[in-house]
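The values are calculated or read from the model by the stated rules, or taken from the named source; none is laboratory data. Owing to the predicted nature of the structure, the values given are computational and were not obtained by experimental measurement. Using ideal geometry, Cβ is built from the backbone for each residue, glycine included, and neighbour counts are taken over all protein chains shown. Only protein heavy atoms, including side chains, enter the accessible area calculation; ligands, DNA and RNA are left aside. Shrake-Rupley method; radii C 1.70, N 1.55, O 1.52, S 1.80 Å.
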Amino acid sequence: DYLFQVDSDEIWSKEALERMRQDLFDNPDITCLEFRPLQFWHNFETVLVGGHWEAPFMRVFKFEKGATWRSHEPPVLLTPNGRPYNEIKRINATDQFDITFYHYNYLTAEQAKWKGDFFKNYYETAKR
C-alpha cells in the first residue's frame, strides 16, 4: 500500500500514473518516490528550469497501519516505528522511471506572489 500526496495545482497524466503503479508493483521495496515536475511560469508554454526549479518533490510513500505524518513541507511520513520512509529507499522516479507531473503553481502573477510570500514566511518561521 502507498500514500500518494497530490497538491491541488498538480496534474498527473494517466500514463504517468499507470507507469508508477507498475514500477511500484515491480519494486515493492521502494518506500518513497520523488519527482521533478514541469513547473510553468505565467502561461502554459514557459517551463522553469535550473537550480531549485528542478528540485524533486516527494509525493509517494509506502504506507502501513500506524504510519504518521511528521510534516507536510517537506513531506515526511513516519513508519509505525518512527523512521521516515524517505530515508529507507527513496527513488527519483523522474530519473529512474521517466515519470513527471505538471505543476501549475506559478501560472498567474497572483499565484507567484502568494507562493513567494508563503515560502518566505514558512522559512522565516522555521528558522526560529
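Here is a list of conditions, (1) open to solvent by less than 70 Å² (accessible area, probe 1.4 Å); (2) in contact (Cβ under 8 Å) with a residue 12 or more places away in the chain; (3) closer than 19 Å to W12 by Cβ; (4) in contact with a strand residue (DSSP E or B) (Cβ under 8 Å, 6 or more places away or on another chain), and A55 meets all of them except one; can you say which number that is?
Status for A55: all satisfied but (4).
Scan F35, F40, F44, F25 and give me the residue that is in contact (Cβ under 8 Å) with a residue 12 or more places away in the chain and open to solvent by 70 Å² or more (accessible area, probe 1.4 Å).
So the residue among F35, F40, F44, F25 that is in contact (Cβ under 8 Å) with a residue 12 or more places away in the chain and open to solvent by 70 Å² or more (accessible area, probe 1.4 Å) is F44.
Can you tell which of T100, T94 is in a loop (DSSP other than H, G, I, E, B), under 12 Å from the mean Cα position of the chain (by Cα) and of a type outside the set (K, R)?
T100
Restricting to region 82-91, give me the number of residues that are more than 16 Å from the chain's Cα centre (by Cα) and surrounded by 13 or more Cβ atoms within 10 Å (Cβ to Cβ).
Residues in region 82-91 being more than 16 Å from the chain's Cα centre (by Cα) and surrounded by 13 or more Cβ atoms within 10 Å (Cβ to Cβ): 1 in total.
Out of K115, K120, which single residue is within 20 Å of D7 (Cα to Cα), open to solvent by less than 70 Å² (accessible area, probe 1.4 Å) and part of a helix (DSSP H, G or I)?
That would be K115, the only listed residue that is within 20 Å of D7 (Cα to Cα), open to solvent by less than 70 Å² (accessible area, probe 1.4 Å) and part of a helix (DSSP H, G or I).
Can you tell me which residue in region 30-55 is farthest from F4 (Cα to Cα), limited to those that are among the charged types (D, E, K, R) and touching a helix residue (DSSP H, G or I) at 6+ places or on another chain (Cβ under 8 Å)?
R36
Have a look at T94, T79, T108, T68 and point out the one that is within 13 Å of T31 (Cα to Cα) and open to solvent by less than 80 Å² (accessible area, probe 1.4 Å).
Exactly one of T94, T79, T108, T68 is within 13 Å of T31 (Cα to Cα) and open to solvent by less than 80 Å² (accessible area, probe 1.4 Å), namely T79.
Please pick out the residue among V49, V60 that is more than 23 Å from E110 (Cα to Cα), aliphatic (A, V, I, L, M) and not in a helix (DSSP H, G or I).
V60
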